[in-house]
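Undergrad: Here's a structure for you.
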Amino acid sequence: MSAPGTGSAPADTPASHHAPATGLAGRLAFPPALLAWSVWGLGALLYLIGFYQRVAPAVITDRLMTEFAIGGAALGNLSAFYFYSYVAMQIPTGMIADRWGPRRLLTAGAGVAALGTALFAFAPDIYWASAGRLLIGASVAVAFVSMLKLASHWFSPQQYALASGMALLMGVVGGVVAGVPLRFVVELFGWRPVMALTAGLTALLCIATWLRVRDDPSERGYASHFQGAHQSQAPTPVLRGLMEVLSYRNVWILMAVPIGFTGAVLTFAGLWGVPYLRQVHGLDPKMAAAITSTLLVSWALGGPLLGSWSERMGMRKPLYLIASGVALLGWSAIIFLPLPLWALVALLVPTGFASGNIIIGFAWAKESVPLRLVGTASGVCNMGPLMGGMFLQPAVGWMLDLRWNGVIENGAPLYQSAAYRSGFTLIFAALVVAGIALCFARESHCKQMHE
């Protein structure tokens, strides 16, 4: 990425047609808020699309199983192809962003996402559909890191936290769009035309990103907010930095814990919750999607609030453990008790909120390594939440197939309550292991543990 003041916009870009914006005493002015948010917002739109793609299979499980003549294990694997490539891209994304800059990375990401979505929309069989999901996961994986890089250049340090919170909000909006609204249009037009339209909109985002986004305000004639331009210490070589990060026990633990807690949310809200509510509780698809969206919204609210509360406490571990206990109790009741629908819905709210504990883990992980390794540690720990969906979605599907009694409804397997309970028991097991692992993490007291 170019340092502020050395932007490399080509001669035919809009940057070359603007005189520098100057303020008092002839100094360059910072970019206006509207411009800054519009640049950042295009990156945020790719993150929204990525979250939409992450949970979209949940409301079209019946269509996919009928279309490709597959069972639960194959459907879980199809959905998880998104996570396979997303997880694999976490560490290299930071390195690519440093070399290319967010403008090029976001443009490439949106272009490949459009291609992958089109491949998924027109896939003649499960193999082409899986290839499409693989491309989608790899491409949208660049959005979050790119958004943070744009925020560090286009916003003041005081606005950086706001931009990070808005990023999470954009993701949840994408997840909600993939609920009731997606099911509504799928019932009207079919899942293939809807996915083809998604591909077209993503392609338009690719074009808009290239035309509008710039890595730094200096490329538009404004002063930059970036404060890291004069770093004198040479960066740690990538492989050596990765090995050093993995030498810290907390990094392993804080990567593994979200496999259980976020994996539970992504497995229920992202794939198996809608068919469970339809087949066991007799709900129509749109109502089932609305209920799983409630889990996503409460999860998104819990993250920043729990993170803020841990900052005020000056400790990470106690609140992380308390929230983990609440989430474990909530999921235990949802999975093992014969709850009426109203009680299940009521439990999803605190359970989702407590599952937002992973935000504490991100801050904790950064404090567990030297400052020069924070970026690598963040990439490693960000693999954990996605690994939860990667492992648990196909595992639950595999268990559903094992307990299936052979009944088919509208071309798709019909699973009984006992089959879902067996499948969701895997979620419970992952939560228990995660909670035990968390007990072995070292407290940071909200400060860097290593200098």
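The values are calculated or read from the model by the stated rules, or taken from the named source; none is laboratory data. No experiment lies behind these values; they were computed from the predicted model shown. Reconstructed Cβ throughout: ideal geometry from the backbone, glycine too, with neighbour counts over all protein chains shown. Quick note on the areas: whole protein, heavy atoms, side chains included, nothing else; ligands and nucleic acids left out. Shrake-Rupley method; radii C 1.70, N 1.55, O 1.52, S 1.80 Å.
Undergrad: If Ile436 satisfies all but one of (1) assigned to a loop (DSSP other than H, G, I, E, B); (2) over 24 Å from the mean Cα position of the chain (by Cα), what's the number of the condition it fails?
TA: Every listed condition holds for Ile436 apart from (1).
Undergrad: Can you tell me which of Arg104, Arg54 is among the charged types (D, E, K, R), modelled with pLDDT of 90 or more, in a helix (DSSP H, G or I) and within 21 Å of Gly384 (Cα to Cα)?
TA: Exactly one of Arg104, Arg54 is among the charged types (D, E, K, R), modelled with pLDDT of 90 or more, in a helix (DSSP H, G or I) and within 21 Å of Gly384 (Cα to Cα), namely Arg54.
Undergrad: So the check is Cβ under 6 Å with 6+ separation or different chains; which pairs have a first residue in segment 367-388 that's under 13 Å from Trp252 (Cα atoms) and a second one that's aliphatic (A, V, I, L, M) and outside any helix (DSSP H, G or I)?
TA: Ser368/Met449; Ala377/Val369
Undergrad: Six or more apart or on different chains, Cβ under 9 Å: which pairs go from a residue in segment 66-83 that's assigned to a loop (DSSP other than H, G, I, E, B) to one that's among the charged types (D, E, K, R)? Could you list them?
TA: Listed pairs, sorted by first residue: Gly71/Asp401.
Undergrad: Okay, moving on. Which ones in segment 375-417 are assigned to a helix (DSSP H, G or I) and among the β-branched types (Val, Ile, Thr)? I'd like the intermediate steps shown before the answer.
TA: Here is the first cut: in segment 375-417, the residues assigned to a helix (DSSP H, G or I) are 375-381, 383-402, 417.
Thr376, Val380, Val396, listed by residue number.
Undergrad: Specify the residue that is farthest from the chain's Cα centre (by Cα); the eligible residues are those in segment 346-369 that are buried (at least 24 other Cβ atoms within 10 Å of the Cβ) and within 18 Å of Arg312 (Cβ to Cβ).
TA: Trp364
Undergrad: Oh, and also: Somewhere in segment 409-417, is a residue open to solvent by 20 Å² or more (accessible area, probe 1.4 Å), closer than 30 Å to Lys317 by Cβ and of a type outside the set (Lys, Arg)? Before the answer, list the steps.
TA: Going residue by residue through segment 409-417, those that are open to solvent by 20 Å² or more (accessible area, probe 1.4 Å) are 409-411, 414, 416-417.
Those left that are additionally closer than 30 Å to Lys317 by Cβ: none.
No, segment 409-417 contains no residue that is open to solvent by 20 Å² or more (accessible area, probe 1.4 Å), closer than 30 Å to Lys317 by Cβ and of a type outside the set (Lys, Arg).
Undergrad: Exactly one of these conditions fails for Gly179: (1) open to solvent by less than 20 Å² (accessible area, probe 1.4 Å); (2) modelled with pLDDT of 95 or more; (3) more than 24 Å from Ala208 (Cβ to Cβ). Give me its number.
TA: It is condition (2) that Gly179 fails.
Undergrad: Related question: Out of Leu301, Leu239, report the one residue that is more than 30 Å from Gln416 (Cα to Cα) and free of Cβ contacts under 8 Å to residues at least 40 places away in the same chain.
TA: The conditions single out Leu239.
Results for (1) within 30 Å of Val374 (Cα to Cα); (2) open to solvent by 10 Å² or more (accessible area, probe 1.4 Å); (3) over 16 Å from the mean Cα position of the chain (by Cα); (4) not small (Gly, Ala, Ser), shown as yes or no for each residue.
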position: Ala56; (1), (2), (3), (4): no, no, no, no
position: Thr66; (1), (2), (3), (4): no, yes, yes, yes
position: Ile70; (1), (2), (3), (4): no, yes, yes, yes
position: Ala74; (1), (2), (3), (4): no, yes, yes, no
position: Leu78; (1), (2), (3), (4): no, no, yes, yes
position: Phe81; (1), (2), (3), (4): yes, yes, no, yes
position: Ala88; (1), (2), (3), (4): yes, yes, no, no
position: Ile91; (1), (2), (3), (4): yes, yes, no, yes
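Undergrad: Let me ask you something else. Which numbered condition in (1) of a type outside the set (Ser, Thr, Tyr); (2) at pLDDT 90 or above; (3) not in a loop (DSSP other than H, G, I, E, B) is the only one that Arg214 fails?
TA: So Arg214 meets the others, but not (3).
Undergrad: Still on this structure, please answer the following. Between Arg372, Arg442, which is part of a loop (DSSP other than H, G, I, E, B) and either open to solvent by 30 Å² or more (accessible area, probe 1.4 Å) or hydroxyl-bearing (Ser, Thr, Tyr) (or both)? Full working, then the answer.
TA: Values: Arg372 fails: part of a loop (DSSP other than H, G, I, E, B).
Result: Arg442 is the single residue among Arg372, Arg442 that is part of a loop (DSSP other than H, G, I, E, B) and either open to solvent by 30 Å² or more (accessible area, probe 1.4 Å) or hydroxyl-bearing (Ser, Thr, Tyr) (or both).
Undergrad: Being at pLDDT below 95, of a type in the set (S, T, N, Q), within 16 Å of Leu386 (Cβ to Cβ) and assigned to a helix (DSSP H, G or I) narrows it down to one residue among Thr292, Thr262; which is it?
TA: Within the list Thr292, Thr262, the selection yields Thr262.
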